[in-house]
Amino acid sequence: MPPLATGVGMPWDTAATDPVAALTDARRTLGDTFVVESGDDRYLFTFSAVGVRSFYALPEDRASKGVADWRMLRRKLPDEMFAGRRILPHQLFGREEVATYLHNVQRALDDTCIELGPNGDVEVFDLTRRLGHRVGLASWGGPGSPAGARFDRLASAFDALDGSESFVHPDAMAKVAATAKAAEYEALGVITDELGDALRDLPGHESDHPLFARVAAAWADEPIEHSRVGVAQDVALIHIASMSNLFAALGWSLIDLLSHPDQAQRVRAGDQTLAEACALESIRLAQRSIMARYVTAPVTLDVGTAQHDIAPGVTVATLLPLTNASAAPGLGVWDPSHWNRRRLADTSMLEAVELVTAFGHGRHTCPAQPFSLSAMTTAVTRLLIEYELSPRWVDRPVPVRAQIGGVARAAAACPLHYVQRKDL
């Protein structure tokens, strides 16, 4: 096996305050492939070009991304949310759904602009998180979910349930475990009640809520007391899986555009190609994702200098912030010209294209990529058209240090002043 990184642990097991920095130091000391033992788990990290390419090529039935993600999320989410699901997130992101989603993005933006009013102050990630809730609940939340009192109750409950906390604040998972997920079960109860009411209101409105109707149809063979729970838990997992990183990515996209007024002006003028490139660039640099595969049957990982036989129970991983900004010259700065459509414009300097990513590679490319990029470009364009946005933060926002997974959350508040433009 590769060398062991002593004194390094994962933040849900140890008091590590900056796991990305700790893994960066381990790589500097031990090279591109090393082992971390944390709690009862063993992680094999690889960062070499051959190793990362081999990582993405591992067969899912022997080294599972799904199981690795579940092992992380289960620290926060109630176990019931993973059992017996009939509609999974990837089933709602076909090309035919994108038009429906974009219509819902516009509806959510309309409601957001009404709520904001002509001027005021807002925190960037509070704004984008609430907008993300509106978009998701308009898409799959059923009647009454994207606005009014039901929306407010659902948004508050989803904030409490948020599975991304397992990797954004992994150091807080000990408290979650100590309380037996009491707050999470309470939030799931609220979601079940509210979406149960939406299910009751669905008959006659199926054409207005086609995705919610599809989830409801999957449970139509069950008694109502079972179907309301099944529908609610399907929708809850879909919403958490789809929205938690989208709102964070949208927040960084706004922050980066406001830091680059020339590009912001072009986006405001309608340059959607640039808007998408800006979104991809913001996601690339905001990534804190640990890409992990939990080994369920023996596999061999080629890292270039050696081939390692890996036994079941080991997690093979790579960490995007260690490669996304350093795999080639110039990648450490935000520059939308790095992108041509949805691919890096110049890969000639990369030892492997897998070393840089915004949405993953190959079979594990995020199925929500088309929707996410369309939603982000639509949202930032609309906000830049509607409002003059003035940042009130002093220093460049930085990620939560303890975060290891997903798109970065900001370590401090990012206040923003807005005034509705008079030229509308």
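The values are calculated or read from the model by the stated rules, or taken from the named source; none is laboratory data. Just so you know, these numbers come straight off a predicted model, no measurement behind them. Positions of Cβ are generated from backbone atoms using ideal geometry, with glycine treated the same way; all protein chains shown enter the neighbour counts. Note: accessible area is taken over every heavy atom of the protein model, side chains too, but ligands, DNA and RNA are not part of it. Shrake-Rupley method; radii C 1.70, N 1.55, O 1.52, S 1.80 Å.
So that you can scan it fast, the table gives a plain yes or no per residue for (1) surrounded by fewer than 13 Cβ atoms within 10 Å (Cβ to Cβ); (2) part of a loop (DSSP other than H, G, I, E, B):
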residue: 297; (1), (2): yes, yes
residue: 315; (1), (2): no, no
residue: 327; (1), (2): no, yes
residue: 332; (1), (2): yes, yes
residue: 371; (1), (2): no, no
residue: 375; (1), (2): no, no
residue: 395; (1), (2): yes, yes
residue: 405; (1), (2): no, yes
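Residues of segment 45-71 that are surrounded by 23 or more Cβ atoms within 10 Å (Cβ to Cβ) and part of a helix (DSSP H, G or I): 51, 52, 55. For first residues located in segment 84-108 and assigned to a helix (DSSP H, G or I), partners that are surrounded by fewer than 16 Cβ atoms within 10 Å (Cβ to Cβ) and lie 6+ apart or on another chain with Cβ distances below 8 Å form the pairs 100/210.
Contact annotation: no residue pair with Cβ atoms under 8 Å, 6 or more positions apart or on different chains, pairs a residue in segment 212-226 that is under 15 Å from residue 143 (Cβ atoms) and open to solvent by 80 Å² or more (accessible area, probe 1.4 Å) with a partner that is among the acidic types (Asp, Glu) and part of a helix (DSSP H, G or I).
State whether one or more residues within segment 258-271 are farther than 24 Å from residue 51 by Cα and open to solvent by less than 10 Å² (accessible area, probe 1.4 Å). Yes; the residues of segment 258-271 include at least one that is farther than 24 Å from residue 51 by Cα and open to solvent by less than 10 Å² (accessible area, probe 1.4 Å). Can you say whether residue 31 is in contact with a Pro (Cβ under 8 Å, 6 or more places away or on another chain), surrounded by fewer than 20 Cβ atoms within 10 Å (Cβ to Cβ) and not aliphatic (A, V, I, L, M), as far as the supplied structure shows? For residue 31, the condition - in contact with a Pro (Cβ under 8 Å, 6 or more places away or on another chain), surrounded by fewer than 20 Cβ atoms within 10 Å (Cβ to Cβ) and not aliphatic (A, V, I, L, M) - is met. Within segment 1-44, take every residue that is touching a Leu at 6+ places or on another chain (Cβ under 8 Å) and part of a loop (DSSP other than H, G, I, E, B) and give me the one that is modelled with the lowest pLDDT. Taking the candidates together, the pick is 1. Residue check: residue 199 meets all listed conditions (1) under 26 Å from residue 124 (Cβ atoms); (2) open to solvent by less than 30 Å² (accessible area, probe 1.4 Å) but one, namely (1). Open to solvent by 50 Å² or more (accessible area, probe 1.4 Å), modelled with pLDDT under 95 and assigned to a helix (DSSP H, G or I): is that true of residue 401 in this structure? It is false that residue 401 is open to solvent by 50 Å² or more (accessible area, probe 1.4 Å), modelled with pLDDT under 95 and assigned to a helix (DSSP H, G or I).
In segment 148-189, the qualifying residues are those that are open to solvent by less than 30 Å² (accessible area, probe 1.4 Å) and among the hydroxyl-bearing types (Ser, Thr, Tyr), and the one that is farthest from residue 238 (Cα to Cα) is 166. Name the pairs whose Cβ atoms lie under 9 Å apart, with the first residue in segment 112-124 and touching a residue at least 12 places away in the same chain (Cβ under 8 Å) and within 20 Å of residue 413 (Cα to Cα), the second crowded, with 17+ Cβ neighbours inside 10 Å and of a type in the set (Ser, Thr, Tyr), and 6 or more positions between them or separate chains? Between residues of segment 112-124 that are touching a residue at least 12 places away in the same chain (Cβ under 8 Å) and within 20 Å of residue 413 (Cα to Cα) and residues that are crowded, with 17+ Cβ neighbours inside 10 Å and of a type in the set (Ser, Thr, Tyr), the close pairs are 116/387; 116/418; 119/387; 119/418; 120/418; 121/418; 122/418. Of everything in segment 1-28 that is of a type in the set (Gly, Ala, Ser) and farther than 17 Å from residue 326 by Cα, the residue that is surrounded by the fewest Cβ atoms within 10 Å (Cβ to Cβ) is 15. If you go through segment 34-66, how many residues are in contact with a helix residue (DSSP H, G or I) (Cβ under 7 Å, 6 or more places away or on another chain) and within 14 Å of residue 8 (Cα to Cα)? Qualifying residue count, segment 34-66: 2.
Inside segment 67-83, residues that are modelled with pLDDT under 95, over 22 Å from residue 290 (Cβ atoms) and touching a helix residue (DSSP H, G or I) at 6+ places or on another chain (Cβ under 8 Å) make up a count of 1. Screening the candidates 292, 249, 286, 275 for the property of being over 28 Å from residue 57 (Cα atoms) and surrounded by 19 or more Cβ atoms within 10 Å (Cβ to Cβ) yields one hit, 275. Whenever a residue of segment 285-297 is over 9 Å from residue 320 (Cα atoms) and free of Cβ contacts under 8 Å to residues at least 12 places away in the same chain, it has no partner that is β-branched (Val, Ile, Thr) and open to solvent by less than 30 Å² (accessible area, probe 1.4 Å) lying with C-beta atoms less than 6 angstrom away and at least six residues away or across chains.
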